[in-house]
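The values are calculated or read from the model by the stated rules, or taken from the named source; none is laboratory data. Since the structure is predicted, the reported quantities are computational estimates derived from the model, not experimental observations. Ligands, DNA and RNA are stripped out before the accessible areas are found, and what is left, the full protein with its side chains, is counted by its heavy atoms. Shrake-Rupley method; radii C 1.70, N 1.55, O 1.52, S 1.80 Å.
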Amino acid sequence: MSTSERSGAAQVQVAMTAFLALFSVVGLALYGLPLYYDFMVREFGWSRTQVTSGNALSKLVIGPLFGFIAGWVVDRFGPRRLMMAGILMAGGAVVGLGGMGSATLAEAAKRGAKVIGLEQFTRGHEFGSSTGRSRMIRKAYFEDPAYVPLLLRAYEKWR
């Protein structure tokens, strides 16, 4: 595959990803919000007309206003900075709660970080790399000696 073919394939992949992300957001806004209409009518005493009018008004007025402001902020500060700021303000997530993920989550929470752990399997599953009697922590690391203090700390915490 030539460079131009790879570039074309990458452009198609980016376009499809953007389309699917937009489709998901629009789908949630248009088809997900009506799920809560009955709740709003019941709990707040609003009529269905008020709820749907408020939803439409928010899309017509707030959406474009927020879009322009958000676009200006992204242009001004850059997407990476904004993503990092969002992560720092909202907290963090650890995906995978095996031996390393759980230790990372526990240490972050102990230091006062707002974190959440996400795991695809139930607790005590047999799919982890450190389950059963085969658990092992090496105190040496060939690639870089800078890792050795981390390994010693991991060994200390494992006990």
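Look through 42, 111 and report the one residue that is within 30 Å of residue 138 (Cα to Cα) and not small (Gly, Ala, Ser).
Testing whether each residue is within 30 Å of residue 138 (Cα to Cα) and not small (Gly, Ala, Ser) leaves just 111.
Taking residue 69 as the residue in question, decide whether it is under 30 Å from residue 34 (Cα atoms) and modelled with pLDDT under 80.
Values: under 30 Å from residue 34 (Cα atoms): yes; modelled with pLDDT under 80: no.
No, not satisfied.
In the list 107, 143, 156, 119, which residue meets the criterion of being open to solvent by 60 Å² or more (accessible area, probe 1.4 Å), of a type in the set (D, E, K, R) and either at pLDDT 85 or above or under 30 Å from residue 36 (Cα atoms) (or both)?
119
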